[in-house]
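Please read the structure below before turning to the comments.
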Amino acid sequence: MSFTSLGLSGSLLKVLTDQKFTKPYPIQDQAIPAVLNGKDVLGIAKTGSGKTASYVLPILDKLQKNSSTKNRHVNVLVLVPTRELAVQVKDVFQQFGSSLPERIKTLAVYGGVSINPQMQALNHVNVLVATPGRLLDLVESNAVHLSEIKTLVLDEADKMLSMGFKDEIDRIFKLIPKRRQNLLFSATLSEDIDAINQLILKEPVLIKIEAEKDSIELIKQVGYWVSEEKKGPLLRYLIKNGDLKQV
Ligand code: AMP
């Protein structure tokens, strides 16, 4: 299977060729046509499966045809658990979106940094990638409005729940329009993830990508119980004495 048979437009196919993406990964084979057809998707897949491009590409394709320009109203909301993932996902939107004919603006917002620059940057943004707490802060400050959301993506949903974002996510669900497309990605299908599935997904296309080898088997885990003030010295000792190159 090649990208040409998945229904993506010519301009995106050209970007894919430029980026040397020659063959879709299995999750992309299944997710891209489903998202283009407006279906909800439940993707059970780990990082490394190509899950990010599996939703970024069809979302960009749809935004090329239909993106609203109302200021401070975003079209696509991607919820993620961490700042690192927020930046990564924003980078993938820009990697594929920056040379398309229709300009698509993507912004990543997350906590732990000053809110003011993010408030100012929220001008004419189409795709907002956000951690749940910071998003609610921005909504409360009227820096962004969620009433024009057409597509909601929950990426690494299991991690968002394990990090305690359940209440924030529930509050966000209440703020966005009922008629929308929902894409839910999680490394595992737990009871909690199934509860979100039941709550928001409508007849989703289920895509399950088995990991080739569970990464846990490749990692030797060791724990050291030390007091707070000894953490730094112990880490320095371990790095030096273990001759560790990647930490
Ligand atoms: P992800 O699981 O989304 O974090 O993607 C894992 C890595 O695979 C990223 O570095 C992507 O750039 C890369 N990737 C995703 N899809 C493809 C593809 N079809 N061809 C080549 N590389 C890809």
Does Lys174 count as free of Cβ contacts under 8 Å to residues at least 60 places away in the same chain and part of a loop (DSSP other than H, G, I, E, B)? no
Checked region 55-108 for anything closer than 19 Å to His124 by Cβ, open to solvent by 30 Å² or more (accessible area, probe 1.4 Å) and within 14 Å of the ligand (Cβ to nearest atom); matches are Lys90, Gln94
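Residues are listed down the side, and each one gets a yes or a no for (1) crowded, with 19+ Cβ neighbours inside 10 Å; (2) of a type in the set (A, V, I, L, M); (3) within 12 Å of the chain's Cα centre (by Cα):
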{"residue": "Leu135", "(1), (2), (3)": "yes, yes, no"}
{"residue": "Glu140", "(1), (2), (3)": "no, no, no"}
{"residue": "Met160", "(1), (2), (3)": "yes, yes, yes"}
{"residue": "Phe173", "(1), (2), (3)": "no, no, no"}
{"residue": "Pro177", "(1), (2), (3)": "no, no, no"}
{"residue": "Arg180", "(1), (2), (3)": "no, no, no"}
{"residue": "Asp194", "(1), (2), (3)": "no, no, no"}
Residues in region 175-206 that are modelled with pLDDT of 95 or more and either in contact with a Cys (Cβ under 8 Å, 6 or more places away or on another chain) or farther than 27 Å from Pro33 by Cβ (or both) total 1
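Does Gly112 meet the test of being under 16 Å from Leu183 (Cα atoms) and at pLDDT 95 or above?
Numbers: under 16 Å from Leu183 (Cα atoms): no; at pLDDT 95 or above: yes.
It is false that Gly112 is under 16 Å from Leu183 (Cα atoms) and at pLDDT 95 or above.
For residues in region 233-247 being open to solvent by less than 90 Å² (accessible area, probe 1.4 Å) and part of a loop (DSSP other than H, G, I, E, B), which is modelled with the highest pLDDT? Spell out the reasoning first.
First, the residues of region 233-247 that are open to solvent by less than 90 Å² (accessible area, probe 1.4 Å): 233-234, 238-239, 242, 244.
Add one more test, that the residue is part of a loop (DSSP other than H, G, I, E, B), and what stays is 242, 244.
Values: Gly242: 83, Leu244: 79.
Checked region 233-247; the qualifying residue modelled with the highest pLDDT is Gly242.
Being farther than 27 Å from Lys51 by Cα, modelled with pLDDT of 95 or more and of a type outside the set (D, E, K, R) is the requirement here; does Ala143 meet it?
Yes: the conditions hold for Ala143.
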Only unsatisfied item for Lys14, checking (1) away from the ligand (no atom under 12 Å from the Cβ); (2) assigned to a loop (DSSP other than H, G, I, E, B), is (2)
Mind checking whether some residue in region 78-92 is within 23 Å of Ser147 (Cα to Cα) and out of contact with any strand residue (DSSP E or B) (no Cβ under 9 Å at 6 or more places or on another chain)? yes
Within region 19-28, the residues that are surrounded by fewer than 22 Cβ atoms within 10 Å (Cβ to Cβ), within 21 Å of Glu156 (Cβ to Cβ) and more than 7 Å from the ligand (Cβ to nearest atom) are Pro26
Residue set Ser99, Ser114; condition over 25 Å from Leu184 (Cβ atoms), touching a residue at least 12 places away in the same chain (Cβ under 8 Å) and of a type outside the set (D, E, K, R); output residue Ser99
Only one of (1) over 20 Å from Leu201 (Cβ atoms); (2) within 9 Å of the ligand (Cβ to nearest atom); (3) among the polar types (S, T, N, Q) does not apply to Thr52, and that is (1)
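The values are calculated or read from the model by the stated rules, or taken from the named source; none is laboratory data. Not measured: the values here are computed from a predicted model. Cβ: placed from backbone, ideal geometry, glycine included. Neighbour counts: every protein chain shown. Only protein heavy atoms, including side chains, enter the accessible area calculation; ligands, DNA and RNA are left aside. Shrake-Rupley method; radii C 1.70, N 1.55, O 1.52, S 1.80 Å.
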